[in-house]
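Novice: Have a look at this one before I ask anything.
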Amino acid sequence: MPVTEERIRPARVVVTALVALMFAITQLPDVIEKARPELLLLLVIYWSLSAPRIAGLTFAWVCGLALDLLTGPILGQHALAFLLVAFLTHKFQLRMRVFPIWHQTLTVFMLLALYEFIVFWIDGIIGPAITTWTRWLPVLTSTLLWPVLVAFLDTWNRRRNR
């Protein structure tokens, strides 16, 4: 039985976003740093699917803006990319929710690739962008993390609401 939006508390959404922001600024070894998953974006997608009234476009924009403030690129770069991904997620939310997990994972892969392309495009406009293949590693690691994240959060939401 899917978790209904009425059972999801806004505090839960905010706490997961704060944890993802802490993960985004945590120093990792150089080998792992290049493949750091986009956990905050995954949570924006997840909450847009599970609780669209709680985690809407404003939530996505605020998360992107917070990431901009904490990581230091131009202000609004991640906010714009998060907003576009959240808009597409909201637009196709009813379809995506009924997809099998493998189909949903492929859709999330495309959303993550779009996000990375937007950030890459903005980086190219403001200066020299990273053009190596390692730039796309977070898309792959985030895609692999998606089914695990969905399973964990769905289970957590069900247990906490009994």
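The values are calculated or read from the model by the stated rules, or taken from the named source; none is laboratory data. Predicted, not measured: the structure shown is a model, and the values here were computed from it. Neighbour counts run over all protein chains shown; Cβ positions are idealised from the backbone, glycine included.
Novice: Where residues in the range 27-40 are part of a helix (DSSP H, G or I) and not hydrophobic (A, V, I, L, M, F, W, C), which of them is modelled with the highest pLDDT?
Specialist: Once the filter is applied, the top-ranked residue is GLU33.
Novice: Can you find even one residue in the range 118-133 that is surrounded by 12 or more Cβ atoms within 10 Å (Cβ to Cβ), out of contact with any Phe, Trp or Tyr (no Cβ under 6 Å at 6 or more places or on another chain) and of a type in the set (S, T, N, Q)?
Specialist: no
Novice: Looking at the range 61-89, which of its residues are modelled with pLDDT of 95 or more, over 11 Å from the mean Cα position of the chain (by Cα) and not aliphatic (A, V, I, L, M)?
Specialist: TRP61, PHE87
Novice: Here's another thing I want to ask about it. So, restricting to helices (runs of 4 or more DSSP H) that lie completely within the range 43-135, which ones have at least 2 residues that are closer than 21 Å to VAL15 by Cβ?
Specialist: 57-71, 77-91
Novice: Does ALA24 count as surrounded by 14 or more Cβ atoms within 10 Å (Cβ to Cβ), at pLDDT below 95 and part of a helix (DSSP H, G or I)?
Specialist: So ALA24 fits the description; yes.
For every residue, the table says whether it meets (1) modelled with pLDDT under 90; (2) more than 18 Å from SER142 (Cα to Cα); (3) touching a Pro at 6+ places or on another chain (Cβ under 7 Å); (4) basic (Lys, Arg).
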{"position": "THR4", "(1), (2), (3), (4)": "yes, yes, no, no"}
{"position": "VAL13", "(1), (2), (3), (4)": "no, yes, no, no"}
{"position": "LEU42", "(1), (2), (3), (4)": "no, no, no, no"}
{"position": "TRP47", "(1), (2), (3), (4)": "no, no, no, no"}
{"position": "PHE59", "(1), (2), (3), (4)": "no, yes, no, no"}
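Novice: Could I ask something else about it? Looking at (1) out of contact with any helix residue (DSSP H, G or I) (no Cβ under 8 Å at 6 or more places or on another chain); (2) closer than 21 Å to VAL150 by Cβ, find the lone condition where SER50 falls short.
Specialist: For SER50, the exception is condition (1).
Novice: For the range 29-51, indicate whether the set of residues that are surrounded by 13 or more Cβ atoms within 10 Å (Cβ to Cβ), among the aromatic types (Phe, Trp, Tyr) and touching a residue at least 60 places away in the same chain (Cβ under 8 Å) is non-empty.
Specialist: So far as the range 29-51 goes, yes, one or more of its residues are surrounded by 13 or more Cβ atoms within 10 Å (Cβ to Cβ), among the aromatic types (Phe, Trp, Tyr) and touching a residue at least 60 places away in the same chain (Cβ under 8 Å).
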